[in-house]
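First comes the structure, then the notes that go with it.
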Amino acid sequence: MISRRSLMLGSAAAGLVSFAPSAIGQVPAVDTLPASAPTRRLSLTAQETEAKLLGPDKPATRHVCAYDGELFKIVRGRRGTRLIVDFENRLPDPTTVHWHGIRVPYLSDGVAPLTQDVVPPGGRFSYNVPLPDTGLYFFHPHCDETGQVGRGLFALLVVDDEAEDKVRFDAECFIVVKDWRLGDDGQWLEMSTEDGAANAGTFGNVRATNGQTTAPRVEAPAYGDVRVRTIVADATRVIDLGCDTDDAFMLAVDGQALPPVPFKALPDDVWRMGPAMRLDMQVRMPGPGQEVKIYDYRSSEPYLLTTLVAVDKGKHPSPLKAKALPPPRVPLPDVRKAKKLEFLIQMAAGPTIVSPSLPADDPLSKALVNSLCVGKTTHWAISRDSWAAGDALRLPPPLARLDNGASYIVSMTNVTKHMHPMHLHGHVFRVLSHSKKPKMPQYLADTVIVEPNETVDIAFKAVSGNWVFHCHILEHMDTGLMGWFKVA
């Protein structure tokens, strides 16, 4: 069995508001669906398996991690449904499940020790996962993410609804960007390096799309409209997504619909995406036998992600029209009344904490982070507050204490030389502005890239709970670049 250290450097809802019986349940957990919502029970297991990640004629890779033994598993549910997920950990190390982008009650958010204890090997945990919002999401561990996600432990979660069913596409295509760190023998290399963690991250040495080292070829009806759903599930890589046709539109960011934007209207005809970010796009297919190629243009040479191949299905040419998706139904902030919070994303010389301590009678004031859920050293901080790392395992105090239902603007200034995709748990936020892209329209998201020497402002309506806020370059998160908000 492989442990994390060997891979890294040498209750169903009781109503709208419920309280947890454990010590951590000092903050009300707000449910985003009514108790009467239809439920669907789902069994989920984290386990190891083998897979030929280098190719069918290459050695198999052992100790691959997957949910239910299925790499790149896709779970689909209907908006308004509640998933009751009975999770079992069959891995050799502790883990949790985080429902990325889904507005769950915080006690199902999967972040130890803020919302639950880790699930030990052989342990079980039941997650209450309401599906209040349409879109493309995913789930993954929030303990040893660099090691477990690096070895494949994540799955897609697609939330459909009747309103979107009326927006008809001729085909649907998924592009999952996830690289591997493998030797020639097919076995795992170190998932993290000290140099990578302190810089842009430790990159995979085997590029892949949907787990394949050769770009998938996907057939779609000639003259049809394809819904291409892309996710960067990699721990490190940032891509510039684009294609070799002008007949393409952005439709949704992080699952949240926006008025269609032609790709040719974007800077350099691309959309920049970092780890955990998702994009839905519409691609109009050419005539039979022709192809549309979708690339990552951020590579030294354009890297082919997927080829769409037009096949004759009897469809005739028609005028190109963008397919607008139904607008999001998420809670929106009142920007005019919002309180502004300012944070620096910065390097750290070592573990630092400047925020006021939690009251002594708060159960979290003595909480420790599991040593398997953090990195070996501290490299990063949010306004001089670093998450636990190494042997300094005391949970840091919250970056701020917020009021449930109030609106906030968080202004993030990146004073490092590397970009950081910043993710806020439990909320969908409005991206108000990018200082380096003054003409960028506002949009909704749950993860946003902050470029070096850039300030990005986001706004959200706070929901009761303990919510982490972190960089989704996983080594950055593991080595300090994470904090949390206490909302009550």
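Quick note: the coordinates plus some simple rules give every number you see, no bench work behind them. As the structure is a computational prediction, the values presented were derived from the model and not from experiment. Virtual Cβ from ideal backbone geometry, glycine too; neighbours counted across all protein chains shown.
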For the range 300-310, Karplus couplings with θ = phi - 60° (6.51, -1.76, 1.60), whole Hz, Gly/Pro x: 4, 10, x, 9, 6, 8, 7, 10, 8, 10, 7
Distance between the range 443-482 and the range 182-239 - C-alpha centres, whole angstrom: 22
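Arrange the peptides 354-364, 185-195, 374-384 so that the one whose residues have, on average, the most other Cβ atoms within 10 Å appears first.
Top of the packing list down: 374-384, 185-195, 354-364.
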C-alpha center-to-center spacing [the range 288-305, the range 368-409] in angstrom: 39
Solution diffusion estimate, µm²/s, Stokes-Einstein, the range 171-311, Kirkwood Rh from C-alpha pairs, 25 °C, viscosity 0.890 mPa s: 155
Sorted peptide list for 57-69, 215-227, criterion being average Cβ within 10 angstrom, highest first: 215-227, 57-69
Isolated Cys residues of the chain, judged by Cβ distance under 4.7 Å to other cysteines: 65, 173, 243, 471
Karplus 3J(HN,Hα) series, Hz, for the range 264-277 with 6.51 cos²θ - 1.76 cosθ + 1.60 (x for Gly, Pro): 5, 8, 7, x, 6, 6, 9, 10, 7, 10, x, x, 6, 7
Fraction of beta bridges assigned by DSSP in the range 335-487 that are antiparallel (%, nearest 5): 75
Along each principal axis, Cα extent of the range 4-165, largest first, Å: 51, 43, 22
For the chain, share of DSSP beta bridges that run antiparallel, in % to the nearest 5: 70
Across 376/486; 293/313; 178/437; 417/437; 293/323; 264/313, pairs whose alpha-carbon gap is larger than 24 Å: 376/486; 178/437; 264/313
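Using helices alone, I'd like the mean residue ellipticity at 222 nm for the chain: each DSSP H run of four-plus residues gives -39500 (n - 2.57), total over residue count, nearest 500.
Mean residue ellipticity, 222 nm, calculated: -1000 deg cm²/dmol.
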Sorted largest first, extent of the range 285-338 alpha carbons per principal axis (Å): 55, 37, 16
Given [x] 181; [y] 167; [z] 141, the label whose value is volume of the Cα convex hull per residue in Å³ derived from this model: [z]
DSSP beta bridges in the range 69-176 [antiparallel fraction, %, rounded to 5]: 75
Backbone N under 19 Å from the residue 293 label point (7 Å along Cα→Cβ), restricted to the range 171-196: 175-177
Packing rank of 74-81, 239-246, where each peptide gets the mean count of other beta carbons within 10 Å, highest leading: 239-246, 74-81
Isotropically averaged projected area of the range 335-487, using the convex hull of Cα atoms (one quarter of hull area), nm²: 8.7
